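The values are calculated or read from the model by the stated rules, or taken from the named source; none is laboratory data. All figures in this text were calculated on a predicted structure; none of them were measured in a lab. Methodologically, a virtual Cβ is constructed for each residue, glycine included, from the backbone with ideal geometry; neighbour enumeration extends over all protein chains shown. Side chains included, ligands, DNA and RNA excluded: accessible areas come from the protein's heavy atoms. Shrake-Rupley method; radii C 1.70, N 1.55, O 1.52, S 1.80 Å.
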Amino acid sequence: ELLLLFAGIDEIQGAPFFLSLVATTLATFAPCPAVLTCRTVSFEQHRSICPDFSVFTLAGLTPAQSHAYIHAFPAEHPISYHADEVAQQLHRMAQLRPLAANPLLLSILCYVVDNPSADSFPTTRSELYRKAVEKLLHVRAQRITIAYPGPPPAPHEKLEILQRAALQLFAQKERQLIFSGNQIGQALKQALIEETYGDDVAPWANALLTDLLQNSGLLRGNAEQGFFFLHLTLHEFLAAAA
């Protein structure tokens, strides 16, 4: 009567002990239905957990489903958000059609084009992520005032600092999804030093962390449970941009 769902097995902390425990548990309770998911790039290394399981690849959205999603998107600027034009752009641009089949990327695309000002339509995945990150740094329904030690960095300067910090966290020996306050703080401090904010960068790092958590949402979490990027692919994009 119980269906076990292990979503994102490649994102689990505590491997290999935890993965060994999962494999033992699945073998012990074989009659219990279970579904494990991971990204296709990580499939081979996690297949040993359940070698006898049937394997399925999640299909993308059909053009009709993408079209329906675009029209159902809860736009913040319904006057300037033209669903038919978005759908037509995707139909015309062959390089974007595969992105529209991915629900996450399609939602990011709709978020990016939901803009009161006329802006160019993203044509590549990297441009799509760049525009999404820039919008998160610029636009927020409710922003709090951050007490920076000096003139606050402009959005593009925050982005450059965050990219450097993301690369440092990404390049650690063990791949992590959740980072301690010390890890996040050290990465931001080093990035601020590299961006010539001086030697006493701790106040800048604390202010920037609060800004990224409260205003843009690019970082999430807290000191007790750890911090993480809004989505793994955003972390990967920021690291690649650096």
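Output the number of residues of the stretch 66-79 satisfying the condition of being more than 16 Å from P122 (Cβ to Cβ) and either open to solvent by less than 80 Å² (accessible area, probe 1.4 Å) or touching a Leu at 6+ places or on another chain (Cβ under 9 Å) (or both).
6
Can you spot a residue in the stretch 131-146 that is open to solvent by 30 Å² or more (accessible area, probe 1.4 Å), within 26 Å of G60 (Cα to Cα) and among the acidic types (D, E)?
No, every residue in the stretch 131-146 fails to be open to solvent by 30 Å² or more (accessible area, probe 1.4 Å), within 26 Å of G60 (Cα to Cα) and among the acidic types (D, E).
Looking at (1) in a helix (DSSP H, G or I); (2) at pLDDT 85 or above; (3) closer than 30 Å to L5 by Cβ, can you tell me which one G60 breaks?
Failing condition for G60: (1).
Picking from P153, P149, which residue would you name as being surrounded by 19 or more Cβ atoms within 10 Å (Cβ to Cβ), modelled with pLDDT under 95 and in a loop (DSSP other than H, G, I, E, B)? Outline the logic, then answer.
On the way: P149 fails: surrounded by 19 or more Cβ atoms within 10 Å (Cβ to Cβ).
When all the criteria are applied, what remains is P153.
If a residue has to be surrounded by 14 or more Cβ atoms within 10 Å (Cβ to Cβ), touching a Lys or Arg at 6+ places or on another chain (Cβ under 8 Å) and part of a loop (DSSP other than H, G, I, E, B) to count, how many in the stretch 83-124 make the cut?
The total comes to 2.
Working only within the stretch 21-40, note down all residues that are open to solvent by 70 Å² or more (accessible area, probe 1.4 Å) and of a type in the set (S, T, N, Q).
Matches in the stretch 21-40: T24, T28, T40.
I need every pair where a residue in the stretch 118-141 that is at negative phi has its Cβ under 6 Å from the Cβ of a residue that is of a type in the set (V, I, T) and not in a loop (DSSP other than H, G, I, E, B), sequence separation at least 6 or different chains.
Listed by first residue and then by second, the contacts come to K131/V112; A132/I108; A132/V112.
Output the number of the condition that P51 fails; it satisfies all remaining conditions of (1) open to solvent by 60 Å² or more (accessible area, probe 1.4 Å); (2) modelled with pLDDT of 90 or more.
(2)
Can you go through A187, A205 and tell me which one is open to solvent by less than 70 Å² (accessible area, probe 1.4 Å), touching a Leu at 6+ places or on another chain (Cβ under 6 Å), more than 19 Å from I146 (Cα to Cα) and not hydroxyl-bearing (S, T, Y)?
A187
Based on this model, can you work out whether L188 counts as in contact with a strand residue (DSSP E or B) (Cβ under 6 Å, 6 or more places away or on another chain) and either among the aliphatic types (A, V, I, L, M) or in a helix (DSSP H, G or I) (or both)?
no
Would you pick out the residues in the stretch 64-77 that are without any contact (Cβ under 8 Å) to a residue 12 or more places away in the chain and either assigned to a helix (DSSP H, G or I) or among the small types (G, A, S) (or both)?
Scanning the stretch 64-77 gives A64, Q65, A68, A72.
Can you find a residue that is on the phi > 0 side of the Ramachandran plot and at pLDDT 90 or above anywhere in the stretch 175-187?
no
Evaluate the following for I193: is it more than 19 Å from the chain's Cα centre (by Cα) and either within 29 Å of P103 (Cβ to Cβ) or β-branched (V, I, T) (or both)? It would help to see each step written out before you state the result.
Numbers: more than 19 Å from the chain's Cα centre (by Cα): yes; either within 29 Å of P103 (Cβ to Cβ) or β-branched (V, I, T) (or both): yes.
Against the criterion (more than 19 Å from the chain's Cα centre (by Cα) and either within 29 Å of P103 (Cβ to Cβ) or β-branched (V, I, T) (or both)), I193 qualifies.
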